[in-house]
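Below is one structure, written out as structure tokens, with a few remarks after it.
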Amino acid sequence: MAGMVTWSLLRELAGFRAEKGCAISLCLNLDPSEVPTAGDAQTRMNSMLNAADKTDRTDLTHEQRSALKADFQRIATWFDDDFERNGSKGLAVFAAGLDNFWRTLPLPQPVRDSAKVGRDFYLAPLVPLVSRGDGTIVAVVGREQGQLYRLRAGRLEEIAEHYDEQPGQHDQGGWSQSRYQRHIEKLVQEHLKGLAQELDRSKRQLQSPKVVLVCSEEMRSEFTDALSAEVRAALVGWAPAQAQAGPAEILQAVTPVLAEAEAKDEAEVIDRWREEAGRNARAASGWEQTLEAASDARVELLLFQEGADRPAFRCPACGRAEVSEGSCPLDGTRLEPTDAGLDLAVHQTLAHGGAVWAIRHHRDLAPAEGIGALLRF
């Protein structure tokens, strides 16, 4: 089963730095449309490991080279003997034998094949996999039954169920049809009111920022009237679903709603970034400003266009990132080149408590070289 890519996991990985040996970061694409069989996956893995193992490592000590070779062999053995695909569309492996680190992470979405060796783990490919819809409550509303789900790392987890059985036709007895129908509608209203109260409690307890409804158009109007003002303000949309739909089918139904909400969030944050940048205030634009701000722990929210990257330089002593070669302005250490400038920005931002957004729905960052940031100060 695919694992959860969360901000807490990425911050943990960003905080790691190999002190004795090397840090291996491997990403493997397992998209069924491109890698349909176990044999295809095995071929891709072997190819990546062979290429990585043949890279010149003359800058390492004999102990480090031996440990690196052992780590590559451990990855190959684990993939051969222990890895179970089980619907995963990608795989990430982080290993640093001399520093006693090993983490495997089956992924719910495809990633681009890559294998990198350095002092830090390569995290940029995982940032787009963190769901910005995490925490959203999905309320499935029916006349007798309702379920509340919470979205976590691409999956819906049930958090509450509310059921009120309505009387059937055989329970009508001597009531008139109109009186009986009014009785049924009153029971339905009470059921919706109870479910709305449960939704309100869950939102407050979980501090969920968004709510999505799954119901019929008729039920949506009735249920919305029963909601508190706070929950109504958190509604981002609704979707119909088949009766008796399970969590996977429900998630599929609400995915377009979540994508639309994400696009709206992106537009709002880009407008804020553009306004701050226009006033030369709390915003960074382009690689030079953004890497400097991230290294100075000033980034509140790093924004990058998916696919944006460039070579940059890193201080091996303190980790500071720069766009030009030379010496570190803080400690004078000679800067080392890297082909992954985005990963430097991601590392510095996460390590200092900032957040990172991969911008998927807009191209507004293009004039700023595909990268920018909102700043704390």
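Read the figures in this text as sums done on the coordinates, not as results from a lab. Quick caveat: nothing in here was measured; it's all calculated off a predicted structure. Please note: Cβ atoms are built from the backbone with ideal geometry, for glycine as well, and neighbour counts cover all protein chains shown.
For this structure, a couple of remarks:
- Mean separation of Cα contacts under 8 Å, 6 or more apart, over the residue count of the chain: relative contact order %: 15 percent
- Residues in the range 193-212 reached by a label modelled at His361 [backbone nitrogen below 15 Å; 7 Å Cα→Cβ]: 210-212
- Phi angles of the range 121-130 translate, via the Karplus equation with coefficients 6.51, -1.76, 1.60 and θ = phi - 60°, into HN-Hα couplings of 7, 8, 10, 3, x, 8, 4, x, 7, 6 Hz per residue; Gly and Pro are given as x.
- Sorting the segments 55-63, 40-48 by their residues' average number of neighbouring beta-carbon atoms within 10 angstrom, most packed first, yields 40-48, 55-63.
- Per-residue ³J(HN,Hα) for the range 96-113, Karplus 6.51 cos²θ - 1.76 cosθ + 1.60, θ = phi - 60°, Hz, x for Gly and Pro: 7, x, 5, 9, 6, 10, 8, 8, 10, 9, x, 10, x, 9, x, 9, 7, 4
- Close amide H partners of Ala283, meaning residues 5 or more places away or on another chain with modelled amide H under 5 Å apart, are Leu375.
- Translational diffusion coefficient (Stokes-Einstein; Kirkwood radius from C-alpha pairs) of the range 282-377 at 20 °C, 1.002 mPa s, in µm²/s: 165 µm²/s
- Each of the peptides 336-347, 270-281 was scored by the mean count of other Cβ atoms within 10 Å over its residues; in descending order, highest first, they stand as 336-347, 270-281.
- Amide H contacts under 5 Å for Ala239, placed H, 5+ residues apart: Leu213, Val214, Cys215
- Using a Förster distance of 22 Å, the FRET efficiency for Thr333-Asp296 (Cβ separation, nearest 0.05): 0.85
- Full-stretch length increase - Arg57, Ser216 - with 0.36 nm per residue and alpha-carbon distance subtracted: 51.1 nm
- For the range 247-276 versus the range 117-142, the inter-centroid distance based on Cα atoms is 13 Å.
- Percentage of interatomic Cα-Cα distances in the range 23-160 larger than 23 Å: 45 percent
- Zone residues, the range 256-296, relative to Glu325, backbone N less than 14 Å from point 7 Å out along Cα-to-Cβ: none
- Extension gain, Gln242-Leu206: 0.36 nm per intervening residue step, less the Cα-Cα distance, totals 10.2 nm.
- Centre separation in Å (Cα based) which lies between the range 289-324 and the range 1-73: 23 Å
- Report summary: the helix-based calculation at 222 nm, which adds -39500 (n - 2.57) for every DSSP H run with n ≥ 4 and divides by the residues of the chain, gives -12500 deg cm²/dmol.
- Principal axis extents of the Cα atoms in the chain, from largest to smallest and rounded to whole angstrom, are 93, 57, 31.
- Cα-centred dipole magnitude for the chain, charges only on beta-carbon of K, R (+1) and D, E (-1), debye, nearest 20: 460 debye
- Given +1 at the Cβ of Lys and Arg, -1 at the Cβ of Asp and Glu and no other charges, the dipole of the range 62-125 around its Cα centre is 240 debye to the nearest 20.
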